[in-house]
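Note sheet for the following structure.
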Amino acid sequence: MTNEPASDYLSGLFSLEGRTALVTGGSSGIGRAIAGALARAGASVVVLARKEAELAATVEELTGGGCRAAWVSADLSTREGIKAGADAAAEVFGEPDILVNSAGINLRPPFGELGEDVWDATMTVNLDAPFLLGQRFGPGMAERGYGRIIHVTSQQAHRAFVQSGAYGVSKGALESLARSQAEAWSPYGVTANTLVPGFVMTPLNARLSSDPEKVAALAARTMTGRNGLADDFAGAAVFLASPASAYVTGHSLFVDGGFSVH
């Protein structure tokens, strides 16, 4: 065993140099933090979302810091939009080695009032998009012998609270999708895992974030005594995207300050 410098050892484990990543929902919240982490770890990152101003600001920050990044505006609320976004993203730096599904919508009317329109919209963005993107890119990853699929799910994938509604159903299904993808492609070097946030102060949680009492109560449910920050996901995302996680697949990694076990 050679006594190699720590930097070389860490690069061998975690470097994403030469890899290409696609991050949906990568212009805000957890997705933006993950896009930045992957780019700073060496990956060429395509950020995909709807809002062009937020996309441009995200990529400008990354390229200004010496990273290789680009953006694609796409509508994940229709299957046609999902497929068009995938094709456009693949044209930028080539077929991705890393797929991060962070885009999501959170529509939670009282369950008795939940209509088919809310159900369909939720399932399309939160479940159909990760499925179709996986079908588009997973086989190519398997052919090349390296791939990482990372889904961002939710506590509602495991327990119902604060009106889980269709959102909780979509996130539970997304964790099952990860297991199915892992079963299909892990023999060929492709892992599929999920990151499970606690309560994180992001635009997606604006409704709860605006209530100081609920924010404090949620923080008290953790073991760390605070709610999550988007940057808390940087290390976990790099780990799951890197060679270091080759034997981790079909797994749900909770990044929640102990929220789920307290």
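The number of residues in the range 76-101 that are open to solvent by 20 Å² or more (accessible area, probe 1.4 Å), touching a Lys or Arg at 6+ places or on another chain (Cβ under 9 Å) and among the hydrophobic types (A, V, I, L, M, F, W, C) comes to 1.
Can you work out which of the residues in the range 187-217 that are at pLDDT 95 or above and surrounded by fewer than 19 Cβ atoms within 10 Å (Cβ to Cβ) is farthest from residue 51 (Cα to Cα)?
Taking the range 187-217 as the starting set, the residues that turn out to be at pLDDT 95 or above are 187-197.
Then keep just the ones that are surrounded by fewer than 19 Cβ atoms within 10 Å (Cβ to Cβ); that gives 187-189.
Details: 187: 37, 188: 35, 189: 34 Å.
The selected residue is 187.
Only one residue in 33, 84 is in a helix (DSSP H, G or I) and touching a Leu at 6+ places or on another chain (Cβ under 9 Å). Which one? It would help to see each step written out before you state the result.
Numbers: 84 fails: touching a Leu at 6+ places or on another chain (Cβ under 9 Å).
Result: 33 is the single residue among 33, 84 that is in a helix (DSSP H, G or I) and touching a Leu at 6+ places or on another chain (Cβ under 9 Å).
Would you confirm whether any residue within the range 173-183 is on the phi < 0 side of the Ramachandran plot and not in a helix (DSSP H, G or I)?
Restricting attention to the range 173-183, the residues satisfying the condition of being on the phi < 0 side of the Ramachandran plot are 173-183.
Next, from what is left, pick out any that are not in a helix (DSSP H, G or I): none.
Within the range 173-183, none of the residues are on the phi < 0 side of the Ramachandran plot and not in a helix (DSSP H, G or I).
I'd like the residue in the range 245-262 that is more than 18 Å from the chain's Cα centre (by Cα) and assigned to a helix (DSSP H, G or I) and, out of all such residues, is surrounded by the fewest Cβ atoms within 10 Å (Cβ to Cβ). Among those that are more than 18 Å from the chain's Cα centre (by Cα) and assigned to a helix (DSSP H, G or I), it is 261.
A single member of 132, 107, 114 is in contact with a Gly (Cβ under 9 Å, 6 or more places away or on another chain), more than 30 Å from residue 262 (Cα to Cα) and hydrophobic (A, V, I, L, M, F, W, C), and it is 114. Within the range 228-241, the set of residues being in contact with a helix residue (DSSP H, G or I) (Cβ under 7 Å, 6 or more places away or on another chain) and open to solvent by less than 20 Å² (accessible area, probe 1.4 Å) comprises 233, 237, 241.
Just so you know, in the range 36-62 the residues that are out of contact with any strand residue (DSSP E or B) (no Cβ under 8 Å at 6 or more places or on another chain) and assigned to a loop (DSSP other than H, G, I, E, B) include one that is nearest to residue 255 (Cα to Cα), and it is 41. Considering the range 27-46 alone, what residues qualify as being touching a helix residue (DSSP H, G or I) at 6+ places or on another chain (Cβ under 7 Å) and either at pLDDT below 95 or under 19 Å from residue 197 (Cβ atoms) (or both)? The answer is 27, 28, 29, 30, 32, 33, 34, 35, 36, 37, 38. The set of residues in the range 41-53 that are within 17 Å of the chain's Cα centre (by Cα) and without any contact (Cβ under 8 Å) to a residue 60 or more places away in the chain comprises 44, 45, 46, 47, 48, 49, 50. Identify, from the list 162, 169, the residue that is more than 20 Å from residue 247 (Cα to Cα), open to solvent by 50 Å² or more (accessible area, probe 1.4 Å), out of contact with any Asp or Glu (no Cβ under 6 Å at 6 or more places or on another chain) and in a loop (DSSP other than H, G, I, E, B). Just one listed residue meets the conditions, 162. For the range 99-154, residues that are of a type in the set (A, V, I, L, M, F, W, C) and part of a helix (DSSP H, G or I) total 14.
Got at least one residue in the range 53-60 being within 20 Å of residue 235 (Cα to Cα), open to solvent by 50 Å² or more (accessible area, probe 1.4 Å) and out of contact with any helix residue (DSSP H, G or I) (no Cβ under 8 Å at 6 or more places or on another chain)? No, the range 53-60 has no match at all.
The values are calculated or read from the model by the stated rules, or taken from the named source; none is laboratory data. Because the structure is a prediction, the values reported are computed rather than measured. Glycine gets a Cβ as well: all are built from the backbone with ideal geometry, and neighbour counts include every protein chain shown. These accessible areas exclude ligands, DNA and RNA; they are computed on the full protein's heavy atoms, side chains included. Shrake-Rupley method; radii C 1.70, N 1.55, O 1.52, S 1.80 Å.
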